[in-house]
Every structure is written in C-alpha cells, then in structure tokens.
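A short write-up of the structure that comes next.
What follows draws every value from the coordinates through simple rules; no lab data is involved. Predicted model, so just to flag it, every value in this text is computed and none were measured. FYI the Cβ positions are ideal-geometry reconstructions off the backbone, even for glycines, and counts take in every protein chain you see.
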C-alpha cells in the first residue's frame with residue numbers, strides 16, 4: 001500500500017550503513033510509533049480478523065496443489081531413467097537403494113543418488129513406490145532407504161510385448177505439450193482459443209503428423225493404455241459376437257483389432273481406419289486391413305464400428321458428424337461400439353472421478369477447447385441426434401465405459 005511504501009522509504013533512508021545501532025533502533029521506533037503506520041496496522045488487523053482463517057489442513061491442501069507439478073514431472077523422470085524396470089528385474093521387485101538403482105541406470109558411474117532418492121521419496125508418498133528402512137548397525141541408529149514397486153508402480157514396467165504406461169507418461173509431458181498449459185485460462189476468456197494451437201500454430205493431430213518421433217511415441221502410448229483396457233472389455237463384453245466385418249475408427253497401430261480377432265474368430269475381417277500417416281506405420285496383422293482416410297468425410301462400411309477415445313477429443317458438432325458417418329456405414333440393426341470416459345453426474349473426490357476430470361482438462365488444453373469428456377446423458381443425446389435409435393452404456397472398465405449405439 002502507499003502508506004507502507006512511504007514509511008519503507010523513510011526508514012530505508014534512516015537505516016543506511018552509515019548509521020549506528022542507536023540510529024537503527026531510533027529509526028525503527030519512529031516508524032512504529034507513527035500515526036500513519038498505526039492506522040495501517042489497525043486496518044490490516046481489521047481485515048484479517050473479519051476474514052475466515054484457513055485451517056492447517058486447508059493450508060496443507062493448497063500447498064500440495066501448488067506443488068503438484070512435481071508429481072508428473074518426477075514420474076516423467078523415473079520413466080526416462082528406466083527406474084521401474086531396474087527395480088522389477090524380471091519380477092523380483094527386490095527393494096533397492098537409490099545408489100543401487102543408479103548403478104544400473106548409469107553403469108559407467110556418475111549421477112546423483114541423493115537427488116534420485118528425493119524423487120523416489122516424493123513418489124512414494126503418492127503410492128508409486130514402497131519405501132523400506134533397513135538398519136545398517138546393531139543399535140538401529142542408522143538405516144538405508146530402499147524402494148520397491150507398488151501396484152501403481154508396476155504399471156510402468158515394460159511387459160513381454162514391450163508395453164507399459166511409461167510412454168503415456170512421456171507423451172503427456174513433451175515440451176511442445178507443456179508449453180500449452182499456461183494458456184488454459186484463455187480457453188475460459190475466449191472459447192475460440194485453442195491453447196495448443198496458440199502456442200504451436202496448428203492443432204495437435206496435425207503437429208504430430210509432421211513429427212515422426214512424436215507420432216511414434218503417441219502410438220506406443222495408445223498401445224500401452226489400450227491393451228489393459230481391451231483385456232478387460234474382452235473378458236466382460238460379448239457385443240462382438242455375430243459381427244463379421246468390424247471397422248475400428250481411429251485404430252492407430254491396430255492393437256485393439258488384433259486382440260478382438262484373437263478372442264472372436266467369428267469376426268472374419270477387421271478394418272483399421274485412421275489417418276494415412278498413422279496407418280502407414282502400422283504393422284501387418286492377420287485378418288486386418290489398414291485403411292487411411294478422414295472420418296469426417298466417410299467411414300468404411302461394416303457390420304459394427306468400434307472406436308475408443310475418439311469422441312472425447314471433438315466438439316459436439318464434430319462428434320455428431322462422426323457419428324452420422326458411422327450411421328451411414330452401418331446396416332439396419334448394426335451398431336457403433338464406442339468406448340469413452342464417462343463423467344459422473346456429480347463431482348466427488350474419488351480417484352476415478354479425479355482421473356476422468358483431469359483427463360477432461362488435458363483434452364481441453366491439448367486437443368480441443370470444446371472437445372470434452374461427457375456424461376452418460378450427453379452421450380445419449382449425441383447418439384439420438386445422429387440418428388441412432390437405441391443407447392446402452394456398459395460399465396466394465398475403471399476408466400472407459402462401453403457405449404452401444406444401435407441403428
């Protein structure tokens with residue numbers, strides 16, 4: 001405030017290094033006894049006593065949120081350093097010290113084990129690692145910290161097929177994506193602003209298409225997420241029975257179709273439909289044809305159409321167009337099987353709700369400001385607007401919901 005600035009200047013003039021200790025206390029006393037300062041103090045006191053004081057829990061809560069970026073960036077670090085695979089060691093999950101982990105990460109020596117330990121301790125507090133204190137003397141006065149993987153941490157271990165959630169972590173935190181996050185507020189001020197576009201000059205999908213390394217990481221990320229989900233859906237959903245020709249819209253490398261055909265031999269033909277630059281790098285899969293195209297123009301015909309995590313990244317009008325093209329590509333009685341994150345009607349603080357809502361903000365920031373995760377009723381209304389007559393949600397997975405739209 002202005003009063004504070006005036007007295008701060010006066011005090012600074014009197015408290016120069018030329019002054020003695022006596023001058024210091026004299027100047028301070030003059031400042032504290034000034035009527036203007038007392039008036040300001042009374043004003044501040046009035047403000048603070050009439051406002052509700054936050055509890056210790058509230059202050060801790062906001063401090064945790066303010067420092068929350070430490071969590072994903074530390075996850076990014078341990079994935080880059082291959083820490084989960086080092087600890088896992090083919091299934092042993094033997095607790096290791098930071099120094100032991102570092103010796104595997106940097107076999108030629110070097111590095112800072114203390115900094116690694118700091119990262120591991122923080123992620124332990126979020127349930128990624130388990131911490132073990134091992135006594136190093138008979139008196140128990142000294143100990144060594146060792147770390148093993150929890151069930152959450154095990155999702156970052158590379159499996160026999162080369163898959164894990166690690167690429168998903170890396171894909172979410174590339175420099176080009178991180179630059180869009182300071183622009184989130186602009187999507188509120190102006191709904192036409194796309195944060196990623198504002199920073200990078202073009203939409204994310206177009207940008208990825210020009211960057212082979214980013215496109216490759218995206219495919220690995222989607223494979224790592226898709227395979228666990230597809231295992232759950234194939235165990236709990238029988239909607240692929242009786243389908244002869246199945247089209248996967250936005251199928252990326254074709255992992256979902258491969259798993260569906262293995263589980264359901266009655267599906268004689270699979271069409272993996274995605275952007276030309278995506279399917280150009282897709283591997284050969286028995287029974288699957290890779291077809292490039294644009295889902296906003298037309299979609300290959302089939303007895304059923306499958307799509308996963310497609311509608312969330314587009315606006316309501318764009319989703320309607322996609323679903324209308326699906327409707328045209330289906331025979332009477334055919335169905336669109338969409339797997340999407342479905343938001344609860346009412347927010348709560350469960351892990352599932354947080355994951356869904358956090359992903360919704362990711363979509364808003366990186367893909368489309370008006371692309372979004374939707375509630376069950378919003379998805380039902382989209383289907384009806386595109387011409388589908390029946391809608392059936394099937395809750396199988398922790399994150400995705402299977403949605404049947406029947407023609």
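General remarks:
- A value for semi-axes √(5λ) of the Cα gyration tensor in Å was derived from the coordinates, and within the list [x] 28, 26, 20; [y] 52, 31, 20; [z] 39, 25, 21 it appears as [y].
- Beta bridges by DSSP in the chain, antiparallel share as percent, to the nearest 5: 50 percent
- Considering only the stretch 170-406, percent of DSSP beta bridges that pair antiparallel, nearest 5: 35 percent
- Cα centroid separation, the stretch 68-111 to the stretch 361-407 (Å): 38 Å
- Distance between the stretch 282-330 and the stretch 234-271 - C-alpha centres, whole angstrom: 14 Å
- Gyration tensor (Cα) of the stretch 168-227, equivalent ellipsoid semi-axes in angstrom: 23, 13, 10
- Stokes-Einstein diffusion for the stretch 256-334 at 4 °C, viscosity 1.567 mPa s, with a Kirkwood radius from C-alpha pairs, works out to 96 µm²/s.
- Most mobile listed residue (308, 146, 211) in the chain, GNM with C-alpha springs under 10 Å: 211
- Value of relative contact order over the stretch 170-406, rounded to a whole percent, pairs C-alpha under 8 Å and six or more apart: 19 percent
- Top of 114, 64, 340 by mean-square fluctuation, Gaussian network on the chain, Cα under 10 Å: 64
- Most mobile listed residue (221, 304, 66) in the chain, GNM with C-alpha springs under 10 Å: 66
- Square roots of five times the Cα gyration tensor eigenvalues for the stretch 170-406, Å: 27, 21, 17
- Nitroxide proxy distance, nm - points 7 Å out along Cα→Cβ at residue 131 and residue 150: 1.2 nm
- The base-10 log of I(q)/I(0) for the stretch 200-287, evaluated at q = 0.13, 0.25 Å⁻¹, reads -0.46, -1.27 [Debye formula, identical scatterers on Cα atoms, solvent excluded].
- Pairs of C-alpha atoms in the stretch 206-346 farther apart than 26 Å represent 20 percent of all such pairs.
- Computed on the chain, with alpha-carbon pairs under 8 angstrom and 6+ residues apart, the relative contact order is 10 percent.
- Contact order relative to length of the stretch 69-157, as percent, for alpha carbon pairs under 8 angstrom and 6 or more apart: 32 percent
- Counting only Cα atoms, the size of the stretch 39-183 along its three principal axes is 68, 51, 29 Å, in decreasing order.
- Our estimate of slack between residue 199 and residue 353, defined as 0.36 nm per intervening residue step minus the Cα-Cα distance, is 52.5 nm.
- Only helices enter the 222 nm calculation for the chain: every DSSP H run of n ≥ 4 contributes -39,500 (n - 2.57), and dividing by all residues gives -14000 deg cm²/dmol, rounded to 500.
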